[in-house]
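First the structure, in the form of structure tokens, and then the observations on it.
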Amino acid sequence: MTTKRNLVPPPPSPSDGSDPVKGYSWHLFVALMLLFFGVSLWRAFTAPPPVPPVDYSEFYAWAQAGDVQSVEISGQTLRGTLEKPRSVGTQSTERFSTVMPSADPALLPLLRQQGVTIRVSNQAPSIAIEILAGLLPWLLIIGVWVWLSRRTQRMFSSGSGSLGNMLKGRSRKFDKQTAVGVSFGDVAGLESAKRDLQEIVQFLKEPERFRRLGGKVPRGVLLVGPPGTGKTLLARAVAGESGVPFYSISASEFIEMFVGVGAARVRQLFEEAKQKAPAIIFIDEIDAVGRARGAGLGGGHDEREQTLNQLLSEMDGFDRNDLTIVLAATNRPDVLDPALLRPGRFDRRVVVDRPELPAREAILKVHTQGKPLAPDVDLRALARSTPGFSGADLANLVNEAALGATRAGAESIGLHDFIAARDKIVLGDPREGRLAAAEKKRVAVHEAGHAIVAYHSSHTEPLERVSILPRGMALGVTEQTPAADRHLLTEPELRARLRVLMGGHAAERLVLGSVSTGAENDLKEATRIASKMVANYGMSKSLGPAFYEHQSEHPFLGQRIGTDASQSDATVSAIEREARDALASALSEARELLTTHRDALERLVEALLERETLGARELAVLLELPLKAAAE
């Protein structure tokens with residue numbers, strides 16, 4: 001049995017990406033271009049060489065005088081040759097041209113009488129060619145316009161080409177075949193956040209189990225937290241655990257310079273997700289499009305607000321049984337539009353905060369897995385020395401420690417590598433230059449002042465290290481490590497912090513007789529704490545337990561926003577006056593402590609000048625601190 005194979009390829013179909021209309025349009029465009037250039041070349045080659053024109057009366061006078069040798073008549077155009085050159089305008093020539101009147105019966109007899117050679121040619125183009133030559137440029141322009149219009153329409157309708165790709169957006173789709181390879185087991189800490197998200201994963205896997213009791217899955221889940229705390233990692237874990245199509249996109253990718261593109265991308269993304277339901281859509285950094293409306297320069301018609309309106313419409317337009325869930329992440333919940341946060345859109349808000357001590361230890365175990373660690377590395381102690389570090393900070397800490405050990409040629413990562421990496425992250429790289437002797441002593445006095453006040457004040461954290469090695473923007477550092485994670489601070493603890501911050505300024509004045517610019521950051525932080533104590537924490541005697549928007553801060557980043565314009569000048573003046581009184585009191589107490597313990601201050605300054613860095617045990621000996629307490 002033989003099989004007959006068709007050697008002629010089948011005609012292209014829309015499914016294979018070809019477009020016959022597009023091919024014909026291209027052929028028509030090429031044909032028009034060739035015709036236009038062909039006519040132009042024909043007219044250029046057939047046109048006689050240019051000759052200077054003269055008036056008909058002047059030509060007639062030449063003919064009467066017998067100076068014309070020959071003429072060539074083509075329509076009403078007459079070209080001739082003279083017996084000898086004559087001046088025509090600014091040039092001397094034997095050839096000329098002129099235009100004859102429609103009827104001159106005396107011209108031909110005159111030319112025959114003078115013996116002029118007469119030639120008659122019919123070189124004038126036909127009327128059809130003249131019309132075609134005049135209309136061809138317009139036909140070419142119209143053809144190009146029609147071709148571009150039809151091509152653009154196909155791009156917008158079919159999603160092909162650059163414009164179609166622009167409208168389609170850049171969302172990434174993950175499913176069982178393209179799994180991200182991350183599960184909840186890979187996310188250390190964040191137990192409460194994982195519980196909330198695991199509930200959504202279970203609903204997508206077993207919807208009938210929840211519907212039996214009338215439960216409804218949240219339409220949207222908003223992950224809120226500082227940068228680097230693992231919001232995107234949690235979303236990737238949801239993608240790995242759910243087993244349903246997962247669409248990931250950054251909110252900034254919705255926005256383009258063309259108005260309407262963002263809304264079109266939102267529509268296409270949600271339509272595709274609903275066709276594949278159950279599915280999950282993850283929008284990272286949603287504050288890029290979710291900011292409160294009415295604040296843009298374009299009023300309610302700019303591109304960002306149109307994109308937000310479309311997003312609100314899509315989230316509110318889900319069918320009651322539609323299993324499409326939206327995850328979003330942001331570190332700016334304070335700027336989101338209220339309509340985005342109402343029930344029915346983002347029903348659930350999951351706070352992803354910085355990890356506590358057990359979570360930090362678990363994160364360090366995850367990131368050090370498979371890396372050779374020296375015997376002196378204690379991850380519990382390392383986690384205790386990194387309060388306030390986010391998950392990204394801890395990952396960076398482990399990576400910097402590994403790089404440092406590699407540069408040193410070590411076979412394993414030691415404790416000193418982690419300490420150096422932490423100093424690099426917190427303080428910066430060591431400076432290349434060395435301090436002069438006078439500046440080095442001033443820095444030693446300044447840091448010793450902090451240490452002495454911290455040791456002899458109550459309600460302060462234990463001293464961990466004092467160094468006068470310049471790193472980054474700091475010339476020295478006095479490090480205190482809290483015994484446990486703190487979530488609240490009392491008024492005595494805040495006033496103790498003020499005393500410690502003012503200790504460097506007081507020590508410079510006491511020992512050296514003057515102060516320097518090195519106290520700038522201390523004064524800035526002390527002023528911030530004192531202002532918040534008075535305006536925000538209700539620790540004021542004159543203003544009482546009241547809250548005033550005085551230099552408010554971003555909820556996560558700690559950046560100052562400004563003072564409420566509705567406050568009276570008297571209120572602002574009272575806040576600043578009482579803050580100055582708190583700073584003056586802290587400075588006075590710090591100076592008194594340093595005067596009382598002047599001998600310990602001098603010993604500590606000498607030790608710092610000699611060894612530059614002192615750890616907890618060395619400080620315990622110098623300050624007569626029990627070793628057991630220092631170790632704790």
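Quick look at the numbers
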quantity	calculated
For VAL71: the one exception among (1) at pLDDT below 75; (2) touching a Gly at 6+ places or on another chain (Cβ under 7 Å)	(1)
ARG509, sole failed condition from (1) assigned to a loop (DSSP other than H, G, I, E, B); (2) basic (Lys, Arg); (3) in contact (Cβ under 8 Å) with a residue 60 or more places away in the chain	(1)
Pairs where the first residue, in segment 576-605, is outside any helix (DSSP H, G or I) and the second is at pLDDT 90 or above, C-beta under 7 Å, 6+ apart	HIS597/ILE452
Hits in segment 204-218 - residues which are surrounded by 13 or more Cβ atoms within 10 Å (Cβ to Cβ) and at pLDDT 75 or above	LEU204, LYS205, PRO218
In segment 414-441, residue modelled with the lowest pLDDT [restricted to those that are open to solvent by 60 Å² or more (accessible area, probe 1.4 Å) and outside any helix (DSSP H, G or I)]	GLU432
Residue check for GLU464: farther than 22 Å from ALA381 by Cα and touching a residue at least 60 places away in the same chain (Cβ under 8 Å)	no
Residue in segment 550-561 that is under 25 Å from VAL500 (Cβ atoms) and at pLDDT 75 or above present	no
Candidate set from segment 379-413 (those that are assigned to a loop (DSSP other than H, G, I, E, B) and touching a Ser or Thr at 6+ places or on another chain (Cβ under 6 Å)); member that is surrounded by the most Cβ atoms within 10 Å (Cβ to Cβ)	SER390
Given (1) part of a loop (DSSP other than H, G, I, E, B); (2) modelled with pLDDT under 85; (3) crowded, with 16+ Cβ neighbours inside 10 Å, number of the condition ILE325 does not satisfy	(1)
Qualifying residue in segment 87-100 (condition: modelled with pLDDT under 75, open to solvent by 100 Å² or more (accessible area, probe 1.4 Å) and out of contact with any Ser or Thr (no Cβ under 8 Å at 6 or more places or on another chain))	yes
Per-region count, segment 230-283, residues open to solvent by less than 40 Å² (accessible area, probe 1.4 Å), hydroxyl-bearing (Ser, Thr, Tyr) and touching a Phe, Trp or Tyr at 6+ places or on another chain (Cβ under 9 Å)	2
Check on VAL477, under 21 Å from PRO387 (Cβ atoms), modelled with pLDDT of 90 or more and of a type in the set (Val, Ile, Thr)	no
Looking only at segment 406-465, and only at residues there that are out of contact with any strand residue (DSSP E or B) (no Cβ under 8 Å at 6 or more places or on another chain) and hydroxyl-bearing (Ser, Thr, Tyr), the one that is nearest to ASP522 (Cα to Cα)	SER457
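The values are calculated or read from the model by the stated rules, or taken from the named source; none is laboratory data. The structure presented is a predicted model; accordingly, all values stated were derived computationally and were not measured. Neighbour counts are summed over all protein chains in view; Cβ atoms, including those assigned to glycine, are modelled from backbone coordinates with ideal geometry. Accessible surface is based on the protein model in full, side chains and every heavy atom, while ligands, DNA and RNA are left aside. Shrake-Rupley method; radii C 1.70, N 1.55, O 1.52, S 1.80 Å.
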